[in-house]
Amino acid sequence: MSLKEAKIADKNLYELKIEIDPGAFAEAVDKIYKKRAKNISVPGFRRGKAPRSIVEKMYGKGVFYEDAINELLPSVYADALKESGIAAVSQPDFSIDSVDENGVALTAKVYVKPEVAIDGYKGIEVVKTVEETKDSEVQDEIDRVRDRNARMIDVTDRAAENGDTANIDFEGFVDDKAFEGGKAEGHELILGSGQFIPGFEDQIIGKNIGDAFDVNVTFPAEYHAEELAGKAAVFKVKLNAIKRKELPELDDDFAKDVSDFDTFAAYEADVRANITSRKEKSAEDAVEEQLINTLIEKLEADIPEAMFVTETENFVRDYDTRLRMQGLDLAKYFQYTGMDLDSLRTQMRPQAEKQVKTRLALEKIAQLENITVSQEELEAEYTRLAEAYNMESDKIKESIEADALSEDIKVKKAVDLVKEAAVIKTEAPKKASVKKAPAKKAAADKEAAPKKTTTTKKASGATTTAAKKPAAKKAAPKKEEIDKAE
């Protein structure tokens, strides 16, 4: 088996001439014969006992050729691709030039990465906007934790109120007939939550434990069960129990229960710091997004359609994997959403195109800047991935080749390089304008003062954001998120 020729057939399209030698092909044919012989019937022989020569005489000399070629093709193509040194970005299109007892000659056509040019990737101007952490955001975060740590208290001395959890039995009737799905016992309903048909929960408020009563409602016109849509219904309801939520006091004991802090003040300060950190991370991500979008604009490349198609399929496959982790699959997803495979591909195509262009741009920058990866950096990345996936480092090394991971690290370094060389202007978030009264029109017409930006010049001549601490580096992208086109 050998690569005879590798040549350009068209723009970004390579043609590989491959030969399979007679010996290897004969072994593959014999292997296929032995695998299929037990199912072959030949008059005069018991099933599976006919000699190969008789089978070939009856069904044709090449009866096993196609399966034999398919048996050899994956390894033959992989070897030829490696020998050619090209970077394929699509599935190959095979054609058989000749096949007989003297071996096989075939042609594989495959698309490769395009020639890429990019300039002006240093000194890109972007704006970094960091939102201020508001007291209300801190309180909302604490309230959510407080709500999760609430306890339910039985209510026995009053009627049901909005916000209570009512334990009820009910059965629904339309035109005096019970309908499917309209009956339950011991159902717990939060009054005011809007979980039931409009008007249902309101008619429980004011009722006492043990009360049995009718709830009169009308199903919405667009109700999911067509036979009930727009119909008036009567529910026979019994109120079994009432519970209310009791929230914990916001004190030092609360802080000790929900955190590692001994005082509420320290816990509150940590909540504020975490929100601020998230906002800073969000601002950093927005800066990187601006840089990536600019790089894509500066990219010059005649990208083959096959790259976009391949990347789109990768996105679809990854999405299916995520669905399966949640107990779903694409078939069920399509059933619930009314989508199909083509519409999902259409939805994911823009993201796939951006991924392809981003990767090409960063790979070119890494090449232009002679970015390299040391063995120590490679081992460190293997260790990071092993910890992230809770796997042994050797297992990670088996699944991710060193060359591929090295290219991923170069891409990350290219991102860092572009970010370090960028001109990042820090701005306060825009405030919503307030319409002033006509009497103050003159003051309202004054031109707003320009936003202040803070920049500082680096020794290299590039400009970066002035800050009390250096910007956090972006974490190395996961393997499935990078180099999907490889």
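The values are calculated or read from the model by the stated rules, or taken from the named source; none is laboratory data. Given the structure is predicted, the values throughout are model-derived calculations rather than measurements. Using ideal geometry, Cβ is built from the backbone for each residue, glycine included, and neighbour counts are taken over all protein chains shown.
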**OP:** Return a yes/no flag: does segment 26-33 have any residue that is modelled with pLDDT of 90 or more, under 42 Å from the mean Cα position of the chain (by Cα) and surrounded by fewer than 17 Cβ atoms within 10 Å (Cβ to Cβ).
**Re:** no
Original post:
Within segment 61-96, can you find the residues that are part of a loop (DSSP other than H, G, I, E, B) and touching a strand residue (DSSP E or B) at 6+ places or on another chain (Cβ under 9 Å)?
Top reply: Lys61, Gly62, Gly85, Ile86, Ala87, Val89, Ser90, Gln91, Pro92
Original post:
Among the listed residues Lys279, Lys245, which satisfies the condition of being under 30 Å from Asp140 (Cα atoms), touching a residue at least 12 places away in the same chain (Cβ under 8 Å) and either touching a strand residue (DSSP E or B) at 6+ places or on another chain (Cβ under 8 Å) or surrounded by fewer than 12 Cβ atoms within 10 Å (Cβ to Cβ) (or both)?
Top reply: Lys245
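Quick grid of which residues meet (1) among the hydrophobic types (A, V, I, L, M, F, W, C); (2) assigned to a helix (DSSP H, G or I):
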site	(1), (2)
Gln351	no, yes
Val356	yes, yes
Leu362	yes, yes
Val373	yes, no
Leu378	yes, yes
Leu405	yes, yes
Lys413	no, yes
Leu417	yes, yes
Thr426	no, no
**OP:** Give segment 204-236 a look and list any residue that's out of contact with any Lys or Arg (no Cβ under 7 Å at 6 or more places or on another chain), surrounded by 15 or more Cβ atoms within 10 Å (Cβ to Cβ) and of a type in the set (Phe, Trp, Tyr), or say none.
**Re:** Phe235
Original post:
Out of (1) in contact (Cβ under 8 Å) with a residue 12 or more places away in the chain; (2) in a loop (DSSP other than H, G, I, E, B), the odd one out for Ser193 is which?
Top reply: (1)
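On the basis of being modelled with pLDDT of 95 or more and either assigned by TED's automatic domain parsing to the domain that holds Lys281 or part of a strand (DSSP E or B) (or both), does Asn167 make the cut? Give the steps one after another, and end with the answer.
Numbers: modelled with pLDDT of 95 or more: yes; either assigned by TED's automatic domain parsing to the domain that holds Lys281 or part of a strand (DSSP E or B) (or both): yes.
For Asn167, the condition - modelled with pLDDT of 95 or more and either assigned by TED's automatic domain parsing to the domain that holds Lys281 or part of a strand (DSSP E or B) (or both) - is met.
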Subject >> Lone unmet requirement of (1) acidic (Asp, Glu); (2) exposed (fewer than 13 other Cβ atoms within 10 Å of the Cβ); (3) touching a Leu at 6+ places or on another chain (Cβ under 6 Å) for Asp164 >> reply: (2)
